[in-house]
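Okay, structure first, notes after.
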Amino acid sequence: MNLYAYTHNDPVNLFDPLGDASYVVARRLDHPILRLRYGHAFVVTDAEFVGDQNANVHSFGKLANGNMGNVTDNTRAAEISSSTSDSDRAAWGGLSPGASSNIVQINAPDWLVNLFVDAIPENRPYDITPRTGERGRGQSKRNATPEVNSNTAAFGVGDGANNAAGNGNLSRNSFSLVLPGASASGKLGLTYDPSTGKVRVKQETASTGTHLRKSRDIKVK
């Protein structure tokens, strides 16, 4: 057993001095019909226990400009996402410490998860049901489409931080709600470089067979 897997074999730099936990949580949609089956995911960091009211709740949704982004500050949100942050916080606060359904712990230190939250790119169009990929006419390779949603972002953070800590992608086994876009978390291309202390965002989009690749670095604060 590797006792330092949690720290990606770097126990000096990849540790959580406060011992708090981070989670990806899903709740039912605020839609009277879709809520019966479909869910919306968000990220919680710096929690002493499930439902901790002092934890940080990070919400994602549709921005006023039509792209997907962080809507924890609801003044940035489009109308469809204007109540998302309030609903997310209420859903989190309603969970009991022993809750295990539609929630998964991110096995990474909170500072690292927060770094991935800050690195979420906000230049991709929002779609409530983004596709994981599509094959363009005359193409043999399946190319990523640019659309993403809140589930893409939440699991992009969770998968990215979990991988950075050496633990692979998050398990989806505890989620009974259908979460469109969650399987497209790889579109965001979030990776952590421990040698530089930066999260690198590699973005690929496909439109009429043309690939565009950009990258940027987010340095640890």
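Since every read-out is calculated from the coordinates, none of them should be taken as a lab result. All values reported here derive from a predicted model rather than from experimental measurement. Glycine also receives a Cβ, built like all others from the backbone with ideal geometry; neighbour counts cover every protein chain displayed.
Observations on the structure shown:
- Contour excess over end-to-end distance, with Cα ends at residue 191 and residue 73 and 0.36 nm allotted per residue: 40.0 nm
- The string of couplings for region 60-68 from the Karplus curve (6.51, -1.76, 1.60, θ = phi - 60°) is 10, x, 8, 7, 4, 8, x, 8, 8 Hz, one whole number per residue in order, with x for Gly and Pro.
- Put a dot 7 Å past the Cα of residue 80, heading toward its Cβ, do the same for residue 131, and the two dots end up 1.7 nm apart.
- For residue 66, neighbours were defined as the other residues whose beta-carbon sits under 14 Å from its Cβ, and their charges (Lys and Arg +1, Asp and Glu -1) total -1.
- Using the Cβ of residue 85 as centre and a radius below 15 Å, the other residues enclosed give a net charge of -1, where K and R count +1 and D and E count -1.
- Here the gap between residue 172 and residue 123, fully extended at 0.36 nm per residue and compared with their Cα-Cα distance, gives a gain of 15.0 nm.
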